[in-house]
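I have placed the structure first, in the form of structure tokens, so that the comments after it can refer back to it.
The values are calculated or read from the model by the stated rules, or taken from the named source; none is laboratory data. All figures in this text were calculated on a predicted structure; none of them were measured in a lab. All Cβ positions, even for glycine, are placed from backbone atoms using ideal geometry, and neighbour counts span all protein chains on display.
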Amino acid sequence: MDNLWLYLVIGVGILAVGLGIGLNLLIGSRRKPTIEREAPPVRPAPRPAAPTEELERRPPAQQAPPTPVETAPAPEAPAPEAPVEAPAPTVERPESARGRLQRLRARLARSNTALGKGLLALLSRGHLDEEAWEEVEDTLIASDLGVEATTELVDSLRAQVKIEGTTDEATVRGWLREDLLRLVRPEMDRRIASSRVGDRPAVILVVGVNGTGKTTTVGKLARVLVAEDRDVILGAADTFRAAAADQLETWGARVGVPTVRSDKDGADPAAVAFDAVRAGIEEEVDVVIIDTAGRLHNKVGLMDELAKVKRVIEKQSEIDEVLLVLDATTGQNGLQQARVFSEAVDVTGIVLTKLDGTAKGGIVVAVQRELGVPVKLVGLGEGPDDLAPFDPEAFVDAILE
Ligand SMILES: Nc1nc2c(ncn2[C@@H]2O[C@H](COP(=O)(O)OP(=O)(O)OP(=O)(O)O)[C@@H](O)[C@H]2O)c(=O)[nH]1
């Protein structure tokens, strides 16, 4: 009988220990996945599968390899855990740069319809007296074409009307197209430096006052270049506005482009620009694009800072392109900004943003005359692919549509 009790006690003991171990295992296996499921680092995102060999050869700098995570075993049937590939973060393949302006032409036409239609209506009226010519002039001035270009255009039109003696709409449209195109200067070189120069990347510095769309433009430009199969690195040298680096990084991550930045508020922008160019050289990318601050305590401070950024970059590389971003809706203000910036840095190209929201397309001509450098890109909306290479013919056709 005593033995029976002893066996019973030992039996219950073994059962309890067994149950305890079993429970522990079960709870343990359920807890584990919550730790492992932590999101893998996604900064910066890898580039999308690219069709060219070049892209495969040169992954972007600081690219994090996909972190293997372990899947959680099904609770009902615990099975050995097998490592699997983390799902690749979605990286967008931006729209090709070619033909973007054609797609966006309707927007340009819509906002400049008053200019084109107004001019054509005036010019094909039949008898063109002084008052009518004055109206033509006013329409052109209102489009921000500038006095000089307006006078040239009106003189040319008057001469043609006098010689040909006709104001037939199709004929007038032809003259206008020719004259406007001449003013927009289709012969200017509008290519953007975006190919490696010897053994270093092309370096693009983007400048302009705050609010013109500078950071957005850098992000959109990265997309244009990625669509052209370029390897790009961004430099967030706008350290004045804390959120600018985050904004830029987000733009880059969407297309798998890394951003060199400082996490310190108010860090030295020249140092960030220097680091970005160094990363570009080390990673053998095609192009480094550097965003700069547009606001400082005063104009002199801003220009001094820009000049310093330029000097520091030039310690390791030439700057191949300085793009000045101007808001097309600001008219004379934009021209004034163009003057100030061109004194601090050699502007090589202009980006005119917000052309979708203004009838002042004439600013293209005015700003090119002011600086003697071409408009290379135009912003026609807030969408990620709403930045297009400037095409003089498509532009003039949109105005006269
Ligand atoms: N409609 C329209 N909006 C634009 C265009 N380009 C930029 N924007 C808008 O303009 C606003 C300002 O853009 P940002 O890129 O933040 O301006 P920023 O010049 O970098 O400003 P700071 O960083 O303060 O110097 C944003 O709301 C953009 O979406 C454009 O071509 N069309």
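Overview of values
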{"read-out": "Qualifying positions in the range 190-206 - under 14 Å from Leu377 (Cα atoms) and within 16 Å of the ligand (Cβ to nearest atom)", "value": "Ile204, Val206"}
{"read-out": "Among (1) over 20 Å from Ser96 (Cα atoms); (2) more than 16 Å from the ligand (Cβ to nearest atom); (3) touching a helix residue (DSSP H, G or I) at 6+ places or on another chain (Cβ under 7 Å) - the single one Val161 does not satisfy", "value": "(3)"}
{"read-out": "Residue list for the range 207-229, restricted to those being within 9 Å of the ligand (Cβ to nearest atom) and hydrophobic (A, V, I, L, M, F, W, C)", "value": "Val209, Val218"}
{"read-out": "Qualifying residue in the range 177-196 (condition: in contact with a helix residue (DSSP H, G or I) (Cβ under 6 Å, 6 or more places away or on another chain), under 30 Å from Trp251 (Cβ atoms) and in a loop (DSSP other than H, G, I, E, B))", "value": "yes"}
{"read-out": "Residues that are near the ligand (Cβ under 10 Å from one of its atoms) and surrounded by 21 or more Cβ atoms within 10 Å (Cβ to Cβ), drawn from the range 246-275", "value": "Leu248, Trp251"}
{"read-out": "Residue pairs meeting the criteria (Cβ under 6 Å; at least 6 apart or on separate chains; first closer than 13 Å to Ala388 by Cα, in the range 199-225; second within 13 Å of the ligand (Cβ to nearest atom) and of a type in the set (Asp, Glu))", "value": "Val218/Asp291"}
{"read-out": "The lone exception for Ala344 - which of (1) within 19 Å of the chain's Cα centre (by Cα); (2) under 28 Å from Val260 (Cα atoms); (3) surrounded by 18 or more Cβ atoms within 10 Å (Cβ to Cβ); (4) among the small types (Gly, Ala, Ser) it fails", "value": "(1)"}
{"read-out": "Every residue from the range 173-197 that is out of contact with any Leu (no Cβ under 8 Å at 6 or more places or on another chain) and surrounded by 15 or more Cβ atoms within 10 Å (Cβ to Cβ)", "value": "Leu181, Arg182, Val184, Arg185, Met188, Arg190, Ala193, Arg196"}
{"read-out": "Meets criteria (within 13 Å of the ligand (Cβ to nearest atom) and not acidic (Asp, Glu)) for Gln337", "value": "yes"}
{"read-out": "Residue among Val322, Val373, Val365, Val396 that alone is assigned to a loop (DSSP other than H, G, I, E, B) and more than 15 Å from the ligand (Cβ to nearest atom)", "value": "Val373"}
{"read-out": "The range 371-400 - residue that is farther than 16 Å from Ser143 by Cα, more than 13 Å from the chain's Cα centre (by Cα) and of a type in the set (Asp, Glu) and, of those, surrounded by the most Cβ atoms within 10 Å (Cβ to Cβ)", "value": "Asp391"}
{"read-out": "Cβ-Cβ under 6 Å pairs, at least 6 apart or on other chains, the range 333-350 side of a type in the set (S, T, N, Q), far side part of a helix (DSSP H, G or I) and at pLDDT 90 or above", "value": "Ser342/Leu371"}
{"read-out": "Residue within the range 343-354 that is assigned to a helix (DSSP H, G or I) and either more than 15 Å from the ligand (Cβ to nearest atom) or modelled with pLDDT of 95 or more (or both) present", "value": "yes"}
{"read-out": "Checklist (1) over 13 Å from the mean Cα position of the chain (by Cα); (2) more than 13 Å from the ligand (Cβ to nearest atom); (3) closer than 20 Å to Val322 by Cβ applied to Val232, failing item", "value": "(1)"}
